[in-house]
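Asker: Take a look at this one; I'll ask things after.
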Amino acid sequence: MPDLTYISKGNSKTECFSFDLPAIDTCPGATAECSRDCYAANLMRIYKNVDAKYKRNQEVTYHPGFVDYMVDTIPVDCQFRIHVSGDFFHEDYVSKWIEIAARRPDVTFYAYTRSWRIPRIWLRVLALADLPNVNVNLSVDDETGAPNVIGADALRWCYLTKTDSVPAWIRHDDIVFRSNHIGHKKRRKNAKAKGLPMPELVKRLGGQVCPLEQGQDIPNFSCAKCRLCVDKPKVLAHA
Ligand code: SF4
């Protein structure tokens, strides 16, 4: 069992270990839209132990032993999500992840970030994304628009839709997350109970919709099995 003082074990959705920081406070590229609906910020508000752990995690990133601790503690051969909560808040912090990932080539690291909007941080994130065992996904929404920063074209973009519409700049292999899939699941459950036709959600909205957000339960499915966000993209073609 790994030391879970600072690392999180992951839930049934991800099945990946993670390192988490306080939501919003460590998200310099946050938009009004993602801050308003932030799942991690809500968890921190509800669960004081989660709030305490994420704040303690941020403190430990400043400790001179942080890199060695992570290198020694991350389980072998795992998939590791850098932040279920929080983001790359400073370029020096990103440099620490570059060292950690370089010293742990057995681990597949992945992250989502809106810090691509902060130029001095983005240059370090780009260097992190360049490592063979790291995949960085760029989080986007209507407020950010398409990432127009150097190197963004080679990375996957993850778009959050509330209306099931997707802008034309989302590419065929980008990923769409939808905020209405939970309500949709409830509608399916009600339809089943009443013997009504099953409501369907559109499966492809320009990019590919996360399989977990297509409105149906998929038994024994997780990010570790899906790997769309975990692995580096191959070719990103425009839709
Ligand atoms: S697309 Fe796949 S890897 Fe990404 S969040 Fe959805 S299930 Fe997880």
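Asker: In whole Hz, what ³J(HN,Hα) sequence does the stretch 76-88 give by Karplus (6.51, -1.76, 1.60; θ = phi - 60°), x for Gly and Pro?
Answerer: Calculated HN-Hα couplings, in order: 5, 6, 9, 9, 10, 8, 7, 5, 7, 10, x, 7, 6 Hz.
Asker: With 10 angstrom as the radius, rank 169, 116 by how many other C-beta atoms surround their C-beta, starting from the fewest.
Answerer: The order, fewest Cβ neighbours first, is 169, 116.
Asker: For every other residue with a beta carbon closer than 10 angstrom to the beta carbon of residue 76, add +1 if it is Lys or Arg and -1 if Asp or Glu, then tell me the sum.
Answerer: The answer is -1.
Asker: Taking amide H positions as placed 1.01 Å from N in the peptide plane, with prolines and chain starts having none, which residues 5 or more places from residue 151, or on another chain, fall under 5 Å of its amide H?
Answerer: HN-HN under 5 Å from residue 151: empty list.
Asker: Helix 119-129 sits at what angle to the longest principal axis of the chain, using alpha carbons and giving 0 to 90 degrees rounded to 10?
Answerer: Rounded to the nearest ten degrees, it is 90.
Asker: Let me ask something additional. Around residue 58, what is the net charge, scoring Lys/Arg as +1 and Asp/Glu as -1 over all other residues with Cβ under 12 Å from its Cβ?
Answerer: With Lys, Arg at +1 and Asp, Glu at -1, the neighbours total -2.
Asker: Further question on the same structure: By what distance, in whole Å, do the Cα atoms of the chain stretch along each of the three principal axes, largest value first?
Answerer: Sorted largest first, the three principal extents are 60, 38, 33 Å.
Asker: Now a separate question. Kindly flag which residue pairs out of 9/48; 13/53; 162/232 have an alpha-carbon separation exceeding 22 Å in this structure.
Answerer: 162/232
Asker: Report, for the chain, the % of DSSP beta bridges that are antiparallel, rounded to 5.
Answerer: 15 percent
Asker: Further question on the same structure: In debye, nearest 20: dipole of the stretch 11-110 around its Cα centre with unit charges on the Cβ of K, R (+) and D, E (-)?
Answerer: 340 debye
Asker: Using the Cβ atoms and a cut-off under 14 Å, what net charge is assigned to the surroundings of residue 93, where Lys and Arg are +1 and Asp and Glu are -1?
Answerer: Charge balance near residue 93 sits at -4.
Asker: Right, here's the next one. Using Cβ counts within 10 Å as a stand-in for footprinting exposure, how do 87, 25 rank, fewest first?
Answerer: 25, 87
Asker: Please name which of 30, 147, 63 has its Cα lying farthest along the dipole of the stretch 23-151 towards the positive end, using unit charges on Cβ (Lys, Arg +1; Asp, Glu -1) and the Cα centre as origin.
Answerer: Value computed over the given set: 63.
Asker: Still on this structure, please answer the following. Rounded to the nearest 10 degrees, what's the angle between the helix 48-61 long axis and the longest principal axis of the chain, both from Cα atoms, 0 to 90?
Answerer: That works out to roughly 40 degrees.
Asker: Under 20 Å Cα-Cα from residue 234, which lysines qualify once same-chain neighbours fewer than 8 residues away are excluded?
Answerer: Residue 234 reaches 225.
Only the coordinates and a few stated rules stand behind these numbers; no lab work does. These numbers come from a predicted model, not from an experiment. Backbone-built Cβ (ideal geometry, glycine too); neighbour counts: all protein chains shown.
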